[in-house]
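The values are calculated or read from the model by the stated rules, or taken from the named source; none is laboratory data. Quantities reported herein were computed from a predicted structural model and do not represent experimental measurements. Cβ sites come from the backbone with ideal geometry, for glycine too, and all protein chains shown count toward neighbours.
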Amino acid sequence: MILMLVTVNKHLVTWQQLVDYACTPEEVQQHFQSCGAVNRVTIRTDKYNRPTGYAYVEFLEIEAVQKALHINESELRGRQLKVCL
């Protein structure tokens, strides 16, 4: 399972968990593009700059965040995402 965070400003970010370690910000953005305009994707890394399996997605509109929450447990690179605020 991948956890991802998606946000819009303070309220427009969601948290994604269990993202594939090889996943790029562009792939995450493409996955969430159907929800609305994505402003930024940040994939968290550890102190050695290795991906941790967590990502933040920042949207431009609050409606996009609501849509992103509805695709919780969708798959990206064969891994199930956990989407939450």
Which one of the conditions (1) within 13 Å of Leu85 (Cβ to Cβ); (2) in contact (Cβ under 8 Å) with a residue 60 or more places away in the chain; (3) of a type outside the set (D, E, K, R) does Ala64 fail to meet, given that it meets all the rest? (2)
Residues of the range 12-26 classified as aliphatic (A, V, I, L, M), surrounded by fewer than 19 Cβ atoms within 10 Å (Cβ to Cβ) and over 11 Å from the mean Cα position of the chain (by Cα), total: 1
So if I check each of Val28, Val65, Val19, which one is among the aliphatic types (A, V, I, L, M) and assigned to a loop (DSSP other than H, G, I, E, B)? Val19
Which one is farthest from Phe59 (Cα to Cα), of the residues in the range 1-26 that are in contact with a Ser or Thr (Cβ under 9 Å, 6 or more places away or on another chain) and modelled with pLDDT of 70 or more? Tyr21
